[in-house]
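Here's the structure we're looking at; comments come further down.
The values are calculated or read from the model by the stated rules, or taken from the named source; none is laboratory data. Because the structure is a prediction, the values reported are computed rather than measured. No Cβ is skipped: glycine too gets one built from the backbone with ideal geometry, and neighbour counts run over all protein chains shown. These area figures cover heavy atoms from the full protein model, side chains too; ligands, DNA and RNA do not enter into them. Shrake-Rupley method; radii C 1.70, N 1.55, O 1.52, S 1.80 Å.
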Amino acid sequence: MFELIQMIASIFTCIGIIIALFDFHFMKKSTIAEHERIQKQATIDYYSSICEKLYYLNHIIYDRYKRNRINYYEIKDDEKFLYEIKTYLNTMEILATGINTGIYNIHVFDRLYGDVCVRVAEQLEDYIANRRSAINEPEMYKEFDSLVISLKDIHNTRKGVLDERAEIKNKVYNNQ
């Protein structure tokens, strides 16, 4: 009789362990999902807090240069514009650090400002390179550079998917 009770207790223990493992798995999944939701919300919240500043600074850059690259000396020789460019880059460096360290979500940021971020980064390449050289600070704006590279990768991946979808639609449309 005692052996039967031990066997039943062992079976219930095993069932309890299995239930605990399933519970742990689902709890882990929900914790990861909650973390991702919080990260996405934090990205939106932080971007909302700086978007007016970014819009203003981007507007200044775009009004002057449209989509053209900007020469280092054109920025350096205009104190007010230089201040605005430094403000823009410092703001983006802080945001990029948050994205690159996983505090903020790069895909949410890409949807909010990714295309503009890449465009402005390309416009300011000459300024950034010359500024690093002028003050002998090769790591300056490295987080921003890293973010821009990641955004370009996302855009290239998305472009490939969009091109593939367009090709499929074209074949269907032309009955090929």
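Some observations on this one:
- Where a residue in the stretch 100-120 is more than 16 Å from SER49 (Cα to Cα) and at pLDDT 95 or above and its partner, wherever it lies, is open to solvent by 10 Å² or more (accessible area, probe 1.4 Å) and among the charged types (D, E, K, R), with Cβ under 7 Å and at least six apart: ASN100/GLU143; VAL118/LYS152; ARG119/ARG67
- Only residues that are of a type in the set (Ser, Thr, Tyr) and either touching a Cys at 6+ places or on another chain (Cβ under 7 Å) or open to solvent by 40 Å² or more (accessible area, probe 1.4 Å) (or both) were counted across the stretch 124-133, and they come to 1.
- Qualifying residue in the stretch 81-88 (condition: surrounded by fewer than 12 Cβ atoms within 10 Å (Cβ to Cβ) and either out of contact with any helix residue (DSSP H, G or I) (no Cβ under 8 Å at 6 or more places or on another chain) or over 30 Å from ILE32 (Cα atoms) (or both)): yes
- Taking the stretch 125-154 as the range and being under 20 Å from ILE75 (Cα atoms) and within 11 Å of the chain's Cα centre (by Cα) as the test, only PHE144 passes.
- Taken over the stretch 112-150, the criterion of being under 18 Å from THR101 (Cβ atoms) and out of contact with any helix residue (DSSP H, G or I) (no Cβ under 9 Å at 6 or more places or on another chain) is satisfied by ILE149 alone.
- Remark: pairs (first residue in the stretch 134-153, open to solvent by 70 Å² or more (accessible area, probe 1.4 Å); second residue part of a loop (DSSP other than H, G, I, E, B) and among the aromatic types (Phe, Trp, Tyr); Cβ separation under 8 Å; 6+ apart in sequence or on different chains) are absent.
- Only one of the listed residues (ILE85, ILE61) is in contact (Cβ under 8 Å) with a residue 60 or more places away in the chain, part of a helix (DSSP H, G or I) and under 16 Å from TYR141 (Cβ atoms). That residue is ILE61.
- From ALA42, ALA33, residue being assigned to a helix (DSSP H, G or I), more than 30 Å from ALA121 (Cβ to Cβ) and open to solvent by less than 60 Å² (accessible area, probe 1.4 Å): ALA33
- Cβ-Cβ contacts under 7 Å between residues 6 or more apart (or on different chains), taken from a first residue in the stretch 36-49 that is of a type in the set (D, E, K, R) to a second residue that is at pLDDT 95 or above and open to solvent by less than 80 Å² (accessible area, probe 1.4 Å), are listed as LYS40/ASN105; LYS40/VAL108.
- Any hit, the stretch 7-26, residues being within 23 Å of the chain's Cα centre (by Cα) and in a helix (DSSP H, G or I): no
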